[in-house]
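Report on one structure; see the data block that follows.
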Amino acid sequence: MDGYDSIEAYIRDDKFSKLSPDAKTYKVQVKSQTPHASDEKETEKKHVTEKTKGNVCDVVTTPEMTLKQTKSRRQRKKGRLPSEDSTSSESSVMGIPSRRDAMTSRRRNKNQRGSRATDPAESKAAVKKKTRRSPKSTEIPSTSSPILNSPTQPTLEQVNPEEKFQRILSENLKEYSRQRMRALHMSLRHFSNVEARITQKELNQAFQDNQIRLSGRVSQYLIDRFEDNRGIDCERLYRFLTDAHMKSGRDSVMALQRRNDLETQPEMTLEEKDADLLQRLEDLLIENQGYFNVESLRESFQKTDKEKAGKLNSKEVLDLCNHHHTPLYGALLKSLLKRCDIDCNDLISWPEFLNFLDLSQQNAQKKCPALCDAPRRVKSSAPVTPSPIDELSEETKSRLVSKLRKKVSLVKDRNLIEKQDEDQENPREMNGDIRHKEVLDEKSVKEEDENPDRKRIIANMRRVTNLVKTSSGFLSTVKTFISGKRKSESDMKTLAIQTGDTDIDNNNLDYKMTSSSDDVSGSFNISVKDGGCESSPDPPPNKPKTSRSAPLLSACDEVVPDKDQEATGKIEADPKSVCSSKSVKEGSTSSRHKNDKMYSIKGKNSTVEFLPPCDVDKHPQILDPPTQRLKLDWVYGYRGNDCRSNVFVLVTDEIVYFLSNIAVLYNKQTHRQRHYREHTEDINCLAVHGNGNIVVTGQNTSKTNPQYQAHIRVWRADTLQTTQVLGAGMFQKTILSVAFAGSSDLFAAVDNSSEKRLTLWDVTSGELKGDTIVNTEVICDLQFNPKYPDVMVISGKEYLAWWKIYPDSRMIQPLAQPNYENFLRAKYVICLSHNDRGDLLTGDSNGTVYVWGDGGNKITNFIKHGHDGPVFAVLCMKTHILTGGRDGFIYSWQFNKNMEMDGELPLPKLEGGVRLLVHHGDSIIIGTTVNSMLSITPSKRHSPLKDVVLDQVPMTQGHFNEVRGLARIPQSESLGTVLTAGTDGVLCWFNPLGRDPVCKLVLKGIQFLSVDALPTGKHVALGTRDGHLVVLDIVGVSSTESFNQKLCKDKITIVKFSPDGTSIAAGSADGCVYVCALTNKENGSKNWEFTGKFKDHKEPIQFLDWSADPNDSAYLIKSCTAGPQQCVWNTSTFCSIEKFDTRTIKWQSETCAVDVSMCGLWSTRVARDCDILCVTVNPQHTLVAMGDSKGQISLFRYPCFKQGAFCHTYKSHSSVRNLLFSEDGQFLISVGGRDLTVLQWELT
């Protein structure tokens, strides 16, 4: 816009005002310049000046541009846009001729003809022009004219008038910042009424208050564009201004447009993130020639981690890193801490932290060998901590000295006054009355002679005082013992000479120092013995406690040495004290050997002691956590039993759904899962933004932990990062349903409170846009109409209503109620669905589907009793409707006047009913009520269900009730290698290596709590809740029941096959172990029979193990309770045996938590805070995994003898009911009980 004073002058310019005869496109013609172009240009300028003086209405033309003439057109109506007129398609502001443009055109033509006729040179050019054809638009040459190259120059193609005006308006708004525009918005809202309308005067006032200057024609266009009979719509006006401002090219606007937080980012795996983090650490070390003192940090972390959980607070980790001068800081340190915060609870896994430092340092030293000398350089240049006084300035020092002098003088004056007062109270003593003092001295001497114990106490107190005064005194000695360092014998002798105490037993002291350094985990009593210091183990429990002075008296049975003896150094030892110290030494030695030999497990109710195994010396007792770690690899199952509308397709073609507190993102093509695990309780609803990347999930309120409240999480599917946490503390019980308003950033949510609170949120800002009460008993579904994004529909028990949202006014108001007329009203309206035309389809509990035309409240079509039972899912296609119900059928209906059925697809009975139907590319996903997910490929001809069958392998399968049983089948040929059993009567086989569900078996009416199988998988033993033991014979995919007998009145908690497969041990909650054996009958057949039971436990049996080999022709059974209590039984005599005899026994499995190899597990914080529910050992016997009642999985080294062992802890389930390693030890399988999940963890 160079050469123009204002935007209005640019609009009025002739070069912008001419149109082609069809009034739709601009036609621009450029003359080729001749050698005399410069002379002609100057001549034309003279004519222009003369014409301008003579007639103001004439418009100037230049030889560079000539425009085609336009036909006269009908004048448009006032206040109406050309785009709204049937005869016009352009805006007056965009260059359409106004009232005087017709006259202007005639004058312009006249001026052009007149000017051409007066100049002979131009007459020749005009003659030439008549003979030449006009160039086409495609033949216009590109010149360096500033007018043609102007960014606002109209193009030759058809342009939308609003876009042209926005382009011009953006040039006018370019000088105003985004803050100024927001201030304008606030002013418009201030002047607006309830309907968000303002007057023209108020609009001008808002512009004036915010110093925004617009031309009169631009302002008038805005008023004509957004004014109606109620006033000017300020919200629409502001959105129009915002859109124009976004195209202004301002730096802040361009930066805002370059934001990528709402765009799908390329996925970055955890391995890539770790590699990037390691590379950054290596670059840091190489660039700064730094060094990580990993061993020193490890010692500090171990001392600080008193709970032995392998995790520390991030603040503690930072403090320790600063204390050791670790050259790690800034964003890199924050990224490393965030990577090691596995559970996102501000607890850093310090073994993971150290592994990153160690590995990066090794790689950096390989790349730069000079870094190998870095430890020596760092040690030599260790920073010296300056004295605080040295850091003060001279002025501050002098000021402090003066204050101290003043304080000393005040203290002297106070002491002098106190002394004078004492002198006044004792005048006789001041007058030289010495007799009273002599009497007091004689009395004190008599008391000392009568009480020798008091004499010893006073002597010891004097020695302690002398000891503290020495340079290597009492405090330094105590610090030496605590740090585990030993002083030499000569140092201790020197200490004794300095303190005047020669009765220190050097041998005894040396031994006790050794015991303190060897047994770090024990507790010690530090007591004073004649000025020395000793460390002794805690007294045994049966030893009576004494008063505070008792140890001092017993340790001080000796005479105070005379001054002569102290001067000459001759010391006479008391023989009684020597004997007593020897006896203490022998007693402590015997107790030390006894403690070294025994291992113990201390539970809540009892303590169990064990003798060490024979091969205990072969296993190094390492306290560090294992180098392997767990990574969630796969989630089996899907929550369709009690949730609706919980499967969506993302922009990345991934399928997102949830189970328990995990949101699963499954890629069907690559057969890979990703997991969002930020929720603390079970997820209950899910919705996806119109961009296919922003996901909203709502969770329940915890019943056991009050801090875990119902809330909504907004997160990105590409990065799995949480962007908003909304409604914490606002919602009650759970979030029932969430839904997005079309492609906007608004979504609605309703909770499960008694009044059913409905809220509206902005997903970008996290702002609450509306809040109201629904007041209905049950809510089933919530959806927005895609055609009318401000209208939502809510269905429930005897409830169907239309609501309208007003986000600018922060209101949600009821819009309409259903008009059933003569149609049957159902008790429950269960599911909602909209098609592209805005029609609403509802499925109810009567099996009927109603069509509400254009999303209104009147029924326009229906399918009466389409299903035998309630309709759970409705899917709209182009010409058909698919419905699914509890009856397990999917029907196809023609979407026409008659709504005829033209296809059906029955599901297998073991898959239950149809919960939902979702499009996914060329296939349709089917969610079932038994938490399975199936798929079909619909037919593209005629009916979608014609000749369609289910895919052979389900996408996933799981349990719909509590799952506890877990067994491994290593030698299975046709079935999977992992078997699960639940109280829903379902048995599921899985293939961990392929991450596929294999098959399923349903036994209705039986609640399974435990399961075990032979290695071949041909026989399966099951324990039930009502005390039955069931044995199944599996042949192919069919099964037969070979044994079913009630063993007890209580539940069977665990079952195990013997190594030879001829016996089954079943542990019950009544504290008994029942044994059934396979016996031969006379007819040659074999049957299972009950043979006996063991009863010596007082608590429910929780763990069972069989011996790997027979002992005296009989297998042994090891049973344990959570008490803890352990018993070992002989299956031939049905009697318990001593623990000493079992030290050489090898067990078929290691699932008993009460064992000598598991002692270290019971001393951890996890075991103290919750109950140990299950343990398992990997096939390589190097790792042991522990599951607890809080849903955590802890990974330890195996065997774990010593107390204080560290571990890796992972949050997985609500409670971990069972654990199992795969046959190759690559995966760990866990089941979560009531959360219905079967998780597969990969060891990395």
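The values are calculated or read from the model by the stated rules, or taken from the named source; none is laboratory data. What you see is a predicted model; the values in this text were computed from it and never measured. Methodologically, a virtual Cβ is constructed for each residue, glycine included, from the backbone with ideal geometry; neighbour enumeration extends over all protein chains shown. All accessible areas refer to the heavy atoms of the entire protein, side chains included, with ligands and DNA or RNA removed. Shrake-Rupley method; radii C 1.70, N 1.55, O 1.52, S 1.80 Å.
Filter region 343-354 down to the residues that are in contact with a strand residue (DSSP E or B) (Cβ under 6 Å, 6 or more places away or on another chain) and either in a strand (DSSP E or B) or open to solvent by 20 Å² or more (accessible area, probe 1.4 Å) (or both), then identify the one that is modelled with the lowest pLDDT.
Among those that are in contact with a strand residue (DSSP E or B) (Cβ under 6 Å, 6 or more places away or on another chain) and either in a strand (DSSP E or B) or open to solvent by 20 Å² or more (accessible area, probe 1.4 Å) (or both), it is Asp343.
Applying the selection to region 1179-1212, what residues are closer than 20 Å to Val635 by Cβ, in a loop (DSSP other than H, G, I, E, B) and open to solvent by less than 40 Å² (accessible area, probe 1.4 Å)?
Gly1191, Ser1212
Among the residues that make up region 636-658, is at least one of them under 30 Å from Leu312 (Cα atoms), at pLDDT 75 or above and surrounded by 13 or more Cβ atoms within 10 Å (Cβ to Cβ)?
For region 636-658, residues under 30 Å from Leu312 (Cα atoms), at pLDDT 75 or above and surrounded by 13 or more Cβ atoms within 10 Å (Cβ to Cβ): absent.
Do you know which residues across region 1027-1059 are loosely packed, with under 14 Cβ neighbours inside 10 Å and touching a residue at least 24 places away in the same chain (Cβ under 8 Å)?
Going residue by residue through region 1027-1059, those that are loosely packed, with under 14 Cβ neighbours inside 10 Å are 1033, 1035-1038, 1040-1041, 1046, 1049.
Gly1036, Val1037, listed by residue number.
Enumerate the pairs (first residue in region 1112-1128 and charged (D, E, K, R); second residue anywhere and part of a loop (DSSP other than H, G, I, E, B)) with beta-carbon separation below 9 Å, excluding pairs fewer than 6 apart on the same chain, so at least 6 apart or on different chains.
Note: pairs meeting the criteria are Asp1112/Ser1132; Lys1118/Ile1145; Lys1118/Cys1152; Lys1118/Val1154; Lys1118/Asp1155.
Across region 1137-1174, what is the total count of residues that are surrounded by fewer than 22 Cβ atoms within 10 Å (Cβ to Cβ) and touching a Phe, Trp or Tyr at 6+ places or on another chain (Cβ under 6 Å)?
2
May I ask you to verify whether Phe658 is within 25 Å of Val874 (Cβ to Cβ), touching a Lys or Arg at 6+ places or on another chain (Cβ under 7 Å) and among the aromatic types (Phe, Trp, Tyr)?
Yes, satisfied.
Can you confirm whether Asn684 is open to solvent by 10 Å² or more (accessible area, probe 1.4 Å), farther than 28 Å from Lys273 by Cβ and assigned to a strand (DSSP E or B)?
Criteria met by Asn684.
If you check every pair at least six apart or on different chains, which have Cβ atoms under 9 Å apart with a residue in region 351-376 that is among the charged types (D, E, K, R) first and a residue that is modelled with pLDDT under 85 and open to solvent by 40 Å² or more (accessible area, probe 1.4 Å) second?
Here the result reads Glu352/Ile342, each pair linking region 351-376 to a residue that is modelled with pLDDT under 85 and open to solvent by 40 Å² or more (accessible area, probe 1.4 Å).
For region 729-745, which positions are open to solvent by less than 60 Å² (accessible area, probe 1.4 Å) and either acidic (Asp, Glu) or touching a residue at least 40 places away in the same chain (Cβ under 8 Å) (or both)?
Hits for region 729-745 are Thr734, Ile735, Leu736, Ser737, Val738, Ala739, Phe740, Ala741, Gly742, Ser744, Asp745.
Within the set of pairs 6+ apart or on separate chains, which have a first residue in region 306-327 that is β-branched (Val, Ile, Thr), a second that is open to solvent by less than 50 Å² (accessible area, probe 1.4 Å) and not in a helix (DSSP H, G or I), and C-beta atoms under 8 Å apart?
Val317/Ile348; Thr326/Phe292
Restricting region 799-830 to residues that are within 21 Å of Glu777 (Cα to Cα) and touching a Lys or Arg at 6+ places or on another chain (Cβ under 6 Å), which is surrounded by the most Cβ atoms within 10 Å (Cβ to Cβ)?
Across region 799-830, the extreme among qualifying residues is Tyr828.
Is it the case that region 316-336 has a residue that's crowded, with 16+ Cβ neighbours inside 10 Å, touching a helix residue (DSSP H, G or I) at 6+ places or on another chain (Cβ under 9 Å) and among the small types (Gly, Ala, Ser)?
No: zero hits.
Pairs needed: first member in region 1071-1083, more than 23 Å from Leu1022 (Cβ to Cβ); second member anywhere, part of a strand (DSSP E or B) and small (Gly, Ala, Ser); C-beta distance under 9 Å; at least 6 residues apart or different chains.
Hits for this filter: zero, empty list.
Tell me which residues, restricted to region 1096-1118, are part of a strand (DSSP E or B) and either open to solvent by 70 Å² or more (accessible area, probe 1.4 Å) or touching a Gly at 6+ places or on another chain (Cβ under 6 Å) (or both).
Quick first cut of region 1096-1118, residues part of a strand (DSSP E or B) only: 1103-1107, 1116-1118.
Hit for region 1096-1118 is Leu1104, nothing else.
Of all residues in region 995-1029 being within 21 Å of Gln1102 (Cβ to Cβ) and of a type in the set (Asp, Glu), which is farthest from the chain's Cα centre (by Cα)?
Among them, the one singled out is Asp1026.
Do you know which residues across region 1218-1244 are among the charged types (D, E, K, R) and in a strand (DSSP E or B)?
Glu1242
For region 357-377: of the residues being surrounded by fewer than 18 Cβ atoms within 10 Å (Cβ to Cβ) and within 29 Å of the chain's Cα centre (by Cα), which is farthest from Ala309 (Cα to Cα)?
Per the stated criteria, the residue is Leu359.
I want to confirm something. Restricting to region 997-1021 and keeping residues that are surrounded by 18 or more Cβ atoms within 10 Å (Cβ to Cβ) and not hydrophobic (A, V, I, L, M, F, W, C), which single residue is nearest to Phe1221 (Cα to Cα)?
Asp1012
Does Glu904 count as on the phi < 0 side of the Ramachandran plot, in contact with a strand residue (DSSP E or B) (Cβ under 6 Å, 6 or more places away or on another chain) and exposed (fewer than 15 other Cβ atoms within 10 Å of the Cβ)? So that I can check it myself, show each step before the final result.
Numbers: on the phi < 0 side of the Ramachandran plot: yes; in contact with a strand residue (DSSP E or B) (Cβ under 6 Å, 6 or more places away or on another chain): yes; exposed (fewer than 15 other Cβ atoms within 10 Å of the Cβ): yes.
Yes.
For region 964-996, how many residues are touching a Ser or Thr at 6+ places or on another chain (Cβ under 6 Å) and under 17 Å from Met933 (Cβ atoms)?
Qualifying residue count, region 964-996: 1.
Just the residues that are surrounded by fewer than 17 Cβ atoms within 10 Å (Cβ to Cβ) and outside any loop (DSSP other than H, G, I, E, B), please, taken from region 303-313.
Within region 303-313, Lys303, Thr304, Asn313 meet the criteria.
For region 806-823, which residues satisfy the criterion of being touching a strand residue (DSSP E or B) at 6+ places or on another chain (Cβ under 8 Å), of a type in the set (Ser, Thr, Tyr) and assigned to a loop (DSSP other than H, G, I, E, B)?
Within region 806-823, Tyr820 is the sole residue that qualifies.
Which one is modelled with the lowest pLDDT, of the residues in region 238-252 that are open to solvent by less than 50 Å² (accessible area, probe 1.4 Å) and under 36 Å from the mean Cα position of the chain (by Cα)?
Of everything passing the filter in region 238-252, Ser252 is modelled with the lowest pLDDT.
Checking Leu975 against (1) buried (at least 20 other Cβ atoms within 10 Å of the Cβ); (2) modelled with pLDDT of 90 or more, only one condition comes out false. Which one?
For Leu975, the exception is condition (2).
Between residues in region 991-1003 that are at positive phi and residues that are open to solvent by 30 Å² or more (accessible area, probe 1.4 Å), which pairs lie under 7 Å by C-beta distance while being six or more apart or on different chains?
Correct list of pairs: Arg995/His671.
Please work out if Ser833 is in contact (Cβ under 8 Å) with a residue 12 or more places away in the chain, under 24 Å from Val695 (Cα atoms) and either in a loop (DSSP other than H, G, I, E, B) or open to solvent by 60 Å² or more (accessible area, probe 1.4 Å) (or both).
No.
Which members of region 766-786 meet the condition of being assigned to a strand (DSSP E or B) and polar (S, T, N, Q)?
Thr772, Gln783
Which one of the conditions (1) closer than 22 Å to Ala687 by Cβ; (2) open to solvent by less than 10 Å² (accessible area, probe 1.4 Å) does Val849 fail to meet, given that it meets all the rest?
So the condition that Val849 fails would be (1).
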